[in-house]
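A.B. asks: This is the structure I want to talk about, given as structure tokens.
The values are calculated or read from the model by the stated rules, or taken from the named source; none is laboratory data. Only a predicted model underlies this, so the values are computations on that prediction, with no experimental measurement involved. Cβ placement follows ideal geometry from the backbone for every residue including glycine, while neighbour counts extend to all protein chains displayed. The accessibility values were calculated without ligands, DNA or RNA, using every heavy atom of the protein model including side chains. Shrake-Rupley method; radii C 1.70, N 1.55, O 1.52, S 1.80 Å.
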Amino acid sequence: MPHLLSSIVAQLGGKLVGQDIHIQSVKTLSDATANDISFLSNPKYKKQLETTNAGAIIVAPNIVGLPENKSYIVADDPYLYFAKVLHLLYPPQKSTRQVHETAVIHRNAIVPDSCEIGAFVVIGENAQLGENCRILSGSVIGENCVLGDECVLYPSVVLYPKTHLGNRVMIHANSVIGADGFGNARTADKTWYKIPQIGGVIIGDDTEIGANSNIDKGALGNTEIGSGCRIDNQVQIGHNCIIGNHTAIAACTGISGSTKIGNYCIVGGAAMFVGHIEIADHTIIGGGTAVTRSIDKPDFYATCYPIQTQKEWVKNAVHIRHLNELSKRVKALEKQ
Amino acid sequence: MPHLLSSIVAQLGGKLVGQDIHIQSVKTLSDATANDISFLSNPKYKKQLETTNAGAIIVAPNIVGLPENKSYIVADDPYLYFAKVLHLLYPPQKSTRQVHETAVIHRNAIVPDSCEIGAFVVIGENAQLGENCRILSGSVIGENCVLGDECVLYPSVVLYPKTHLGNRVMIHANSVIGADGFGNARTADKTWYKIPQIGGVIIGDDTEIGANSNIDKGALGNTEIGSGCRIDNQVQIGHNCIIGNHTAIAACTGISGSTKIGNYCIVGGAAMFVGHIEIADHTIIGGGTAVTRSIDKPDFYATCYPIQTQKEWVKNAVHIRHLNELSKRVKALEKQ
Amino acid sequence: MPHLLSSIVAQLGGKLVGQDIHIQSVKTLSDATANDISFLSNPKYKKQLETTNAGAIIVAPNIVGLPENKSYIVADDPYLYFAKVLHLLYPPQKSTRQVHETAVIHRNAIVPDSCEIGAFVVIGENAQLGENCRILSGSVIGENCVLGDECVLYPSVVLYPKTHLGNRVMIHANSVIGADGFGNARTADKTWYKIPQIGGVIIGDDTEIGANSNIDKGALGNTEIGSGCRIDNQVQIGHNCIIGNHTAIAACTGISGSTKIGNYCIVGGAAMFVGHIEIADHTIIGGGTAVTRSIDKPDFYATCYPIQTQKEWVKNAVHIRHLNELSKRVKALEKQ
């Protein structure tokens, strides 16, 4: 169903410049054709405005010299506006309000009529779902789990017993929430004695979790994920971690147990955190960075070994193992 | 069901000091209230003994000056004792001895009556389960798998054919044991020719494997995991690896094929191992460490790029690429 | 069923030297017995020819002084030949052409009679499978997915809607193809606004993907994986990445969005790639290497922090944080 630009502006704000055309889809500047809307968020790509075939483009107010043969929506934040246009044109799927005949739902579970329950879903005793949840094929919701309204579990998500999700939490396929934390006591003969993990996981509202990610239950208390977080694929969050609100964690990041990450933090992919540390609000961690200590001053931390060819690396790496001696030798020279 | 301290001591040893009160749960020193037992394993937190509301605390014999208004259990290893109290108060779930009507069990599989088989479980031809196993919803046990007694597979675990588990092996949700190893021969025209993986996986007794972890089958022989191991979430173990007994491997660690890790080793999170190396018994590897060679001397190896702000890092990292030259320049200065 | 060496040579080429014996299995030189064939691909292990009990051995033409009591197949590439012998002795399982009664297949999906569909499989509306596919237990194929001929999905694989697989694509258990990319716009108040991901995933012919791996759908366009690729376990490929043909990516590697990797590349385990970069054809990346910039010259890049004991590391690492100053001090000395 095509949308008139004027109708988009009426719903999302911004200012229409040029003809009021119909839009069918959203594409990048290079892929767009006459029925598509695109966006320019980075002024350095402004030249693409001259070559794009997009029928309409979302631009910032400070872009001058717009080619005249196009339509534009002028918006303060073109990237955010683009996201909102996508939501308008591709609204999230709603609950079908149907329970598949194969689903196994414990008679003491609470599943409102407004929920969609897919094939081969299992919902355990005393689990409680909010309105309009979508639980897709093969997901398992353990006993005593509580889900808010409009949660979405993609296929084969596993919620261990006692997991609590707020409203509008989305979890992608094959993620596991609430598995046992990695807690073991070492005996005198150096064997491992499992520490029963009796806590739970609490996730706030509007948080999205990617595919094949893990959030372990707390050992005694809870593991807590805030509201409005974005957690990517293959993220591992250990027991008793506390992640603040509106924090984003990119793929392949591992966070050891009992680490506390503040609000509004951004963590790049494949970062790793030791346990029992605390990261200040608004901290940014670059991809591949090992966070080995607490951070009390928000800044952009980004440290990883700089890339070289293997041949160059071999020559240099050997000296890293002897930096202490090199430093002493320089000091000795300075004394002379 | 509350437990008397005297009853705990009767079962687990240790010495009761103070009143014989009823305990309902186990909490941290800061969360505990009058009906809870807590523990002090690190003497540096001794001050918390004065502020905690715990009714009882497990302490080491060398802690002196215990506040008098509390009850104590004096035990040689308070952390281990705490784990044992947890087991007493929260014993592991037993098999319900029920087979869910939806489970698909091959007529030639052996599943003792004592086992619990969840909804949508699939058990293949000639698979053989020991007594009291718990196979939770959606798990798949391939043909010719052998499980010992009291194994627990959490939901959606996949055992490829020919996987062997010892007794009391626990595998958390969405882990995969026995997928094909990464074996490919390169042809003259640089395409990949798959090497059929015909080995299996053998896991010893009392080993626990976390969620979303992978242990690949051997190429020709077997991949072997010892007894009493602890393997965390998102661990990847390549084909033909051999992991010794009582070794613990924290989350996000990747171990390349044919690597042999000894007994009683401890591997921190997000470590990585190249293939075809051998690690001595009792070796400890720190988190995020790249293990690029065999280790024949047990020690604590821990090497990762030290964290800095991105701004500082940029200034320093550039010199890493030229350390060899810097070293030569220092040598030249020394000659002068 | 045993195979005569002469029959193997008739099918695969190479030259038989010695007696024409029956072979039952393939083993390593150290494990093989009289009924086994083994191979010697690396001349440095030539001594094992004297001690092995293998009945037959595949060797390269340049190996001289072969012990006389054995049979040999002389082949240009013994490792590749060994792989082909394995295929001959252990041919891949064929479709059983059976649809399990529990499978839920949408009436508008196209599933040829030649396909094998396992228990608890879900196939969505308008999904289309080629001939002889094997979809094992619990896998979920979303709406509008297209699979070529002879694809194999191991248990619990999830294909989100609109995923396209070529012919002979194999995906191991618990992998997820087509989950939402990690796309979020940040609002003025620093909260995250989800960018609907409306693209798809296209995978070429003959590509194999390991277990618990993820390939996200494109944001607007597609994420594309070439033909003949080998992708190992726990690999994460972000939205809009383009991976060329015949590229191999080892386990635990993470590739950020919109990165383009060329043809015939080899990526070691636990490598990580920032987004929006381009890697030349035939590039080799070592394990654990952080690829932080585009590579336009194919070479072997391999950089990671060299391993040391923690005690040595502490002494050296501190100087990394001050390399810039050390370099300046050396320069000052040189001026004197």
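A.B. asks: Select, from B:Thr303, B:Thr247, the only residue that is under 26 Å from A:Lys190 (Cα atoms), β-branched (Val, Ile, Thr) and touching a helix residue (DSSP H, G or I) at 6+ places or on another chain (Cβ under 6 Å). Spell out how you get there, then give the answer.
C.D. replies: Numbers: B:Thr247 fails: touching a helix residue (DSSP H, G or I) at 6+ places or on another chain (Cβ under 6 Å).
Criteria check complete, one pass: B:Thr303.
So that you can scan it fast, the table gives a plain yes or no per residue for (1) part of a loop (DSSP other than H, G, I, E, B); (2) touching a residue at least 60 places away in the same chain (Cβ under 8 Å); (3) within 7 Å of another protein chain (Cβ to nearest Cβ); (4) crowded, with 17+ Cβ neighbours inside 10 Å:
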position: C:Pro298; (1), (2), (3), (4): yes, no, no, no
position: C:Cys304; (1), (2), (3), (4): yes, no, yes, yes
position: C:Val314; (1), (2), (3), (4): no, no, no, no
position: C:Val318; (1), (2), (3), (4): no, no, no, no
position: C:Glu325; (1), (2), (3), (4): no, no, no, no
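A.B. asks: One residue is enough: does region A:35-57 have a residue meeting the conditions modelled with pLDDT under 95, of a type outside the set (D, E, K, R) and in contact with a helix residue (DSSP H, G or I) (Cβ under 6 Å, 6 or more places away or on another chain)?
C.D. replies: Yes: one or more hits.
A.B. asks: Residue by residue through region A:144-159, note down the ones that are outside any loop (DSSP other than H, G, I, E, B), closer than 16 Å to C:Tyr160 by Cβ and within 13 Å of chain B (Cβ to nearest Cβ). Break it down into steps so the answer makes sense when it comes.
C.D. replies: To start, the set of residues in region A:144-159 that are outside any loop (DSSP other than H, G, I, E, B) comprises A:146-147, A:152-153, A:158-159.
From the residues that got through so far, the ones that are closer than 16 Å to C:Tyr160 by Cβ too are A:152-153.
Hit for region A:144-159 is A:Leu153, nothing else.
A.B. asks: Can you give me the number of residues within region C:144-162 that are open to solvent by less than 10 Å² (accessible area, probe 1.4 Å) and polar (S, T, N, Q)?
C.D. replies: Within region C:144-162, residues that are open to solvent by less than 10 Å² (accessible area, probe 1.4 Å) and polar (S, T, N, Q) number 1.
A.B. asks: Shifting gears a bit: Cβ contacts < 7 Å: first residue within 25 Å of A:Leu86 (Cα to Cα), restricted to region C:213-242; second residue acidic (Asp, Glu) and outside any loop (DSSP other than H, G, I, E, B), any location; separation 6+ or different chain. Result?
C.D. replies: C:Ile242/C:Glu224
A.B. asks: Then there is this: Which residues, counting only those in region A:100-117, are within 18 Å of B:His100 (Cβ to Cβ) and of a type outside the set (Asp, Glu)? Don't jump to the end; show me each part of the working.
C.D. replies: The first filter runs over region A:100-117 and keeps only residues within 18 Å of B:His100 (Cβ to Cβ), leaving A:100-109, A:117.
Within region A:100-117, A:His100, A:Thr102, A:Ala103, A:Val104, A:Ile105, A:His106, A:Arg107, A:Asn108, A:Ala109, A:Ile117 meet the criteria.
A.B. asks: Please determine, by comparing only the residues of region C:273-286 that are open to solvent by less than 20 Å² (accessible area, probe 1.4 Å) and in a strand (DSSP E or B), which one is nearest to C:Ile261 (Cα to Cα).
C.D. replies: Looking at residues that are open to solvent by less than 20 Å² (accessible area, probe 1.4 Å) and in a strand (DSSP E or B), I get C:Ile279.
A.B. asks: Here is a list: A:Cys151, A:Cys133, A:Cys145. Which entry is closer than 29 Å to C:Asn184 by Cβ and under 19 Å from the mean Cα position of the chain (by Cα)?
C.D. replies: A:Cys151
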